[in-house]
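Read through the structure below, which is laid out as structure tokens, and then see the notes.
The values are calculated or read from the model by the stated rules, or taken from the named source; none is laboratory data. Computed from a predicted model, the values in this text were never measured in an experiment. When we count neighbours, we look across all protein chains shown, and the Cβ atoms used for this are built from the backbone with ideal geometry, even at glycine.
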Amino acid sequence: MLDPTERLRQKFGESSFVTQPAKDGITTLWLALSKVKDVLLYLKTEIEHPYILLFDLSAIDERSRKKDPDYPSDNFTLLYHLFSFERNSFIRLKIALRGEFPTVPSITKLWANANWYEREVFDMFGIRFEGHPHLRRILMPETWQGNPLRKEHPARATEMGPFRLFDEKQDREQAALQFRPEDWGLETQSEDSDFMFLNIGPQHPGTHGVLRIVLQLDGEDIVDAVPDIGFHHRGAEKMAERQSWHTYIPYTDRVDYLGGVNNNLAYLLAVEKLAGIEIPERANVIRVMMCELFRIASHLVWYGTFAQDIGQLSPVFYMFTDREKIFDIVEAICGGRMHPNWFRIGGVAQDLPKGWDILVKNFIDYFPKRLREYDAMVMKNSIFKARTVGIGIFTKEEAIEWGVTGPGLRACGFDWDFRKKQPYSGYDKFDFDIPIAHHGDCYDRAVVRVEEMRQSLRIIEQCWKYMPEGEYKADHPLTTPPVKKHTMQDIETLITHFLGVSWGPVIPAGEAMSCVEATKGANSYYAISDGNTSPYRVRVRTPSFPHMQMLPYISKGYTVADMLSILGAMDYVLADIDR
């Protein structure tokens, strides 16, 4: 298979690209703004084994970073991460942008899921996309002043004046929340009838977090939908720039707050690539075991609330009780439950406590029977099937076009799982299957997740049986905190420990991206270091963001009641969308 760089040079000329080595090994190319649309079109449709997935689109404010003369970085850098399933590889494209508020061509006609990503870059950086069908803020309120991920934008409340809600401001904020169909290109009537616009949220029991959806209805039928997100936006990427590499770990817990340590792992893998840290085998197996416990815990929340959304009340109580049994294990090992904050740079915070194996074995013996009970209670229930079979259907090709990953993609018959295809943390040493289904509807998305819990249990049992001996953290100077036995030998080691915890490690300059199979799909952290104790930029690519973007596409033609089935089958968390 010919390297994509050579193909691109043959097609567009030797001088069209500047290659940049990256610590994650991803092919990274700088190209001119004038060629971006042609290059992206070629990579998606013409090159052998094309890059058909727009995995992520983001930007960097370069103005506070020392310029590297080898690369054409300027005021801002626009980033495209593409993925080829046939090649099983990413490619990273960078475009240097000049000016305070640059303009670039939109690629919404090339990839459907570029719509929200471009709106986010516009919102966060002020970069405009020419030809975008609806370029407006997406995470911040329409009335917000400034672009939060620009370096001049304040990062703390103490850097801003005291908040005052004057009457004029309140009126302006209320007016901005009013939905006007013409702003979104929606008609108020058809030849036969007037359309009704139904506002769902932002406080609605059928949503998993604070979400607002405005439905355009013809009777009970959905003509169109406009998701309004951002109510959970807390500036997770901005906070990374003012935390140390170490103290940012707990913030990642709160992104997909049901996925626990899966978030920690995605971030730490990127940091460990930058630092060149090799993780001991025991630490890897501990990490895998904890990730799979949280995968089951997250799926139990989805399972119970999905059934509740459709009208079954009992399952949510049973499943939350089983989730508590997992949290008992997590608490015994980590000290925390829902937000354990236990993974560390180089490994985990402490070794497994005595008796961990008894707790895990008890759960391994207990849980299969419960899953069989839930199959009879939910999956075989005729009402549940009537509300989910044939609802919210999309194909494999449509899923990829919209950036769907995880169980939603596997429910279309595509057996893609990053734990298998690009193994990390030693997942290649475990025996488990990738569950798939073939109809791509709400029911099949449930089938996949239920079977995933059984596969996670298989992985946990292997961790329990074959937990290796050895260190729980790497013996590397940049692990934080360092292994305790290295901290009390003399005053120098004590000072090093103090600085490593209070300031954090100095991570070598460079950039790296990780990608893990999180509970809801592909989750990645793209970390950039300028050789300091804090990240220069951390980009968080979450699975729920593109999934929610697809909602209008897959809900048209269904009824209002079907909307809750579609939302429940999506398994989203608003903090995972908004960050």
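Residue-wise test of (1) at pLDDT below 90; (2) more than 21 Å from Gly426 (Cα to Cα).
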residue	(1), (2)
Arg234	yes, yes
Trp245	no, yes
Ile249	no, yes
Ala266	no, no
Glu272	no, no
Gly276	no, no
Asn284	no, no
Ala297	no, yes
Phe317	no, yes
Could you check segment 479-496 and list, in sequence order, the residues that are within 19 Å of Trp342 (Cβ to Cβ) and either in a helix (DSSP H, G or I) or touching a Pro at 6+ places or on another chain (Cβ under 7 Å) (or both)? Thr480, Lys484
Given the structure, is Lys66 of a type in the set (Lys, Arg), over 25 Å from the mean Cα position of the chain (by Cα), farther than 23 Å from Asn523 by Cα and not in a helix (DSSP H, G or I)? yes
Restricting attention to segment 82-123, which residues are assigned to a loop (DSSP other than H, G, I, E, B) and touching a residue at least 60 places away in the same chain (Cβ under 8 Å)? Phe85, Arg87, Asn88, Ile107, Leu110, Trp111, Ala112, Asn113
Qualifying residues in segment 1-35 (those that are part of a loop (DSSP other than H, G, I, E, B) and at pLDDT below 85) - the one farthest from the chain's Cα centre (by Cα): Gly13
Quickly run through segment 154-175 and pick out the residues that are loosely packed, with under 12 Cβ neighbours inside 10 Å and touching a residue at least 12 places away in the same chain (Cβ under 8 Å). Arg156
So which residues in segment 187-215 are touching a Lys or Arg at 6+ places or on another chain (Cβ under 9 Å) and either surrounded by 15 or more Cβ atoms within 10 Å (Cβ to Cβ) or closer than 19 Å to Tyr553 by Cα (or both)? Asn199, Ile200, Gly201, Pro202
Give the number of residues within segment 455-472 that are touching an Asp or Glu at 6+ places or on another chain (Cβ under 9 Å) and either surrounded by 18 or more Cβ atoms within 10 Å (Cβ to Cβ) or under 22 Å from Ala297 (Cα atoms) (or both). 11
With (1) more than 21 Å from the chain's Cα centre (by Cα); (2) crowded, with 22+ Cβ neighbours inside 10 Å; (3) at pLDDT 90 or above as the list, and Asn523 as the residue in question, which single condition is left unmet? (1)
Among (1) over 27 Å from Gln312 (Cβ atoms); (2) outside any helix (DSSP H, G or I); (3) of a type outside the set (Phe, Trp, Tyr), there is one condition His438 misses while meeting the rest; what is its number? (1)
